[in-house]
Amino acid sequence: NMTCRVEYNDQTSLQWSNPAQQTLFFGDKKALRDNRIELVRASWSELTISISEVTLADEGMYTCSLFTMPVKTAKAYLTVLGVPEMPEIDGLTKPALEGDEITLTCMTHGSKPAADLRWFRNEKEIKGAKEVNASGKTFTVTSSLQLLVDRDDDGAAYTCKVDHVALLQTPQQATEVLEVHYAPRVVITNSLTFPQEGQYLKLECVSKGNPSPDPVMWTKDGGELPDLERMIVEGRELTFTTLNKTDNGTYRCEASNHLGTSSAEYLLYVYDPNAMGQHGPDHALIGGVVAVVVFVTLCLIIVLGRYLARHKGTYLTNEAKGADDAPDADTAIINAEGNTHAEEKKEYFI
């Protein structure tokens, strides 16, 4: 809507004209054949018109004129914002391989002024390289993001958001989820720290890779498992229903996919519960702690003895040197100065 008002009009018509100086309305009479432009209100003191479906061509200086002598005018500049189109992300290869270098490119057209593009990885903003190109009255904005793909990128969502003054209420964005294929990595976890004869033990082969390395393979000492009745393999788990000394050995878990193979080993030693005692490992720990405490105490005693020995000393005052036969302190000093062979009196400080 564009409104022009005037005070103390002597019944002279108002006129609206566009940036090309074409008359749109003269009073209540339409002068330009444009169905988008309509009259809202016309009187001697006001002329209001509306423009629907505004385009970038409508931008410019509009003039309201009052045809008195001389003609009086008022001008208003109409700024039209170019709404950026929905962004698109290119350059994503599915699946990507760990170690690949890829470049994601986000592009949006039709913004005025130029839009700003922002990258996010799982809602954390990261910096891209922006490029702006003019296309007539609007701008095409591109932002590039270079990635060195690793396994942590698997399942990560990369989002490109458009920031623009015309999108305060309806932000536009595009999201792509990265799929990364990588070779497996394997670790073995156990249910007992000190397995004993007769106990139940479970080993789990924790393998992570994409594609998933299923199934895994268990071996003992480089060969097949010897006792499948007590050693049960279920998926990634190796279970010993009842441990005995014959189970001692090195157990290996191996997992593979088309990108590689990984393995891990577990050295199993089955303890004798009678020789070990119910709290055997605790006794060993306590014995070690006691030995350390005794050693530290002996060291402190030795250091303290050396310190006291170094601070043991003797001294003689002048009074003491001549005090045997002197009736007072002055005489004692005189006697001491003349008697260099006087017997020393000793005092010890510890």
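Would you confirm, using the coordinates I've provided, whether Phe120 is crowded, with 17+ Cβ neighbours inside 10 Å and among the aromatic types (Phe, Trp, Tyr)? Spell out the reasoning first.
Working: crowded, with 17+ Cβ neighbours inside 10 Å: no; among the aromatic types (Phe, Trp, Tyr): yes.
For Phe120, the condition - crowded, with 17+ Cβ neighbours inside 10 Å and among the aromatic types (Phe, Trp, Tyr) - is not met.
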Legend entry - Scan of region 5-26 for residues that are closer than 12 Å to Thr48 by Cα and loosely packed, with under 15 Cβ neighbours inside 10 Å, ordered by number: Arg5
Inset, instruction - Output the residues belonging to region 147-188 that are among the polar types (S, T, N, Q) and surrounded by fewer than 19 Cβ atoms within 10 Å (Cβ to Cβ). - result: Gln169, Thr170, Gln172, Gln173, Thr175
Legend entry - Counted residues, region 69-101 - those being under 30 Å from Gly155 (Cα atoms), open to solvent by 70 Å² or more (accessible area, probe 1.4 Å) and among the hydrophobic types (A, V, I, L, M, F, W, C): 2
Inset, instruction - Under 8 Å between Cβ atoms, at least 6 apart or on separate chains: pull out the pairs that start in region 80-101 with a residue that is among the polar types (S, T, N, Q) and end on any residue that is surrounded by fewer than 16 Cβ atoms within 10 Å (Cβ to Cβ) and modelled with pLDDT under 95. - result: Thr93/Asp100
Inset, instruction - Looking only at region 54-67, decide whether some residue is under 25 Å from Lys161 (Cβ atoms), under 24 Å from the mean Cα position of the chain (by Cα), open to solvent by 40 Å² or more (accessible area, probe 1.4 Å) and in contact (Cβ under 8 Å) with a residue 12 or more places away in the chain. - result: no
Inset, instruction - Scan Ala114, Ala157, Ala134 and give me the residue that is of a type in the set (Gly, Ala, Ser) and within 20 Å of the chain's Cα centre (by Cα). - result: Ala157
Inset, instruction - Any residue in region 196-224 that's under 16 Å from Tyr182 (Cα atoms): show its pairings with residues that are of a type in the set (Asp, Glu) at Cβ separation under 8 Å, as long as the two are six or more apart or on different chains. - result: Asn210/Asp154; Asn210/Glu179
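The values are calculated or read from the model by the stated rules, or taken from the named source; none is laboratory data. Here the structure is a predicted model, which is why all the values come from computation and not from measurement. Cβ: placed from backbone, ideal geometry, glycine included. Neighbour counts: every protein chain shown. Please note that ligands, DNA and RNA were not included when accessible areas were found on the heavy atoms of the full protein model with its side chains. Shrake-Rupley method; radii C 1.70, N 1.55, O 1.52, S 1.80 Å.
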